[in-house]
1. Is it true that Trp184 is closer than 20 Å to Phe219 by Cβ and not in a helix (DSSP H, G or I)?
2. Looking at the structure I just gave you, is Val6 crowded, with 22+ Cβ neighbours inside 10 Å and modelled with pLDDT under 95?
3. Among the candidates Ala53, Ala67, Ala72, Ala61, which residue alone is small (Gly, Ala, Ser) and under 17 Å from Ile349 (Cβ atoms)?
4. Which one of these does Leu181 not meet: (1) closer than 26 Å to Trp329 by Cα; (2) in contact with a Lys or Arg (Cβ under 7 Å, 6 or more places away or on another chain)?
5. Considering region 352-396 alone, what residues qualify as being closer than 16 Å to Ala217 by Cα, among the charged types (D, E, K, R) and outside any helix (DSSP H, G or I)?
6. Identify the single condition in (1) closer than 30 Å to Ile110 by Cα; (2) hydrophobic (A, V, I, L, M, F, W, C); (3) touching a His at 6+ places or on another chain (Cβ under 7 Å) that Val346 does not satisfy, given that it satisfies every other one.
7. Please give the number of the condition Asp240 fails out of (1) over 23 Å from Tyr396 (Cβ atoms); (2) touching a Gly at 6+ places or on another chain (Cβ under 8 Å); (3) modelled with pLDDT of 95 or more.
8. If I go through region 160-188 residue by residue, how many of them are charged (D, E, K, R) and either loosely packed, with under 14 Cβ neighbours inside 10 Å or outside the structural domain of Asp308 (by TED's automatic domain parsing) (or both)?
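The values are calculated or read from the model by the stated rules, or taken from the named source; none is laboratory data. Keep in mind it's a predicted model, so treat the numbers as computed, not measured. Counting neighbours? That spans all protein chains shown, and the Cβs are built from the backbone with ideal geometry, glycine included.
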Amino acid sequence: MSDKDVGFVSMAGPKASGEAPTVGVGMLGYAFMGKAHTNAFKKLPYMMYPPVAIPRLVAVAGRNEDAVKEAATRYGYEKYYTDWRDMIADPEVQLFDNGGPNDAHAEPTIAAAKAGKHIFCEKPLGRTAEESKAMLDAVIAANVKHMVAFNYRFVPAIRHIRNLIESGAFGQIYHWRAVYLQEWIADPDFPMVWRLDKNIAGSGALGDLGAHIIDLARFLVGEPARLNAMTKTFITDRPDGSGGRGKVTVDDAFVATCEFENGAIGTFEATRFAPGRKNFNSFEINAEKASVHFNLERMNELEIYWRDGRRDTQGFTNVLVSESYHPWWNNWWPQGHMIGWEHTFVHEIDHLLRAIVNDEPIAPYGADFVDGYKCAVICDAILESAQSGRRVDVKY
């Protein structure tokens, strides 16, 4: 192994020389998340400068040979595979990036861990808590780095809120309320896709959107202790593309109330039936000394109210999170020159590579497989509460 390679080497600290090591990347999937992750891998070396490591795009894998070959050419991967098992067996792949559908998370990830690869897996980690626990057990046994792609932890405004909470500036937290609203399946004639099939997706709006706001609640407020929930499927069958109708077997929307271990109370809501809402991931925290509101559709801003009046205002103040002292901004542009959704993946992958190169933990600022498993436990508890009509305690 070259001294530039770090895939299976434990490093106690940063490289002594100025030369960044390379990390060979193997990507499963090449659609939405494959494009987002690849964009970040390519942008990282010259924007997160000096880079802690240089991602090397070794291979991409997918079932359709024509499509995966085209993806390799488009994105700049050195080679492609039509079987993820062959890619995992490739000794040049050191980091396995799993951007496949939810039913392709567990088996390839567990196999990659057993092969000694570091893992970056899209959310939700598994379709169920049981599946997620098997993935967690595998990465722990293999002693590899493991990260779940909860990229909203890497929005500068959200990290800024976390920093304020950690500093004690907010005091005791009383309330969390979060919604994640999209509109893309509101049309009854929208066709069946894999996200509407429980066998593939595991759940609907809950795992697709709700997982993000559940993770943010854990990241910012703390552990949920008990909850009540309701789910709803509005359109129960859809065009299947062959002249028939396919059965929708997941939730179209959910709502949940919860009590946190620290005494705060909270609400969660997610739907893909909110006309006019494109990617409305919004939350508010009310605390002893302040309230703060965030909306992903205006991701470079937050609204904050300080009870002591130290901002010389009686209402909320809009804060543009783009100063050089805000998280990650010294890597980007002068204040007021905005960054976007895709930049969260640059920050996230940089965090992962630092953990690999310097043998540092992913948590608490990145989401590791422990976080992915705990999110899955909460999702399962929401489904259990919705089905039983009873309050459910969260038990990891």
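1. no
2. yes
3. None of the others qualify; the one that does is Ala53.
4. The number of the failed condition is (1).
5. Across region 352-396, the qualifying residue is only Asp368.
6. Evaluating Val346 over (1) closer than 30 Å to Ile110 by Cα; (2) hydrophobic (A, V, I, L, M, F, W, C); (3) touching a His at 6+ places or on another chain (Cβ under 7 Å) leaves (3) as the failure.
7. Only one criterion is unmet by Asp240, namely (3).
8. Of the residues in that region, 2 qualify.
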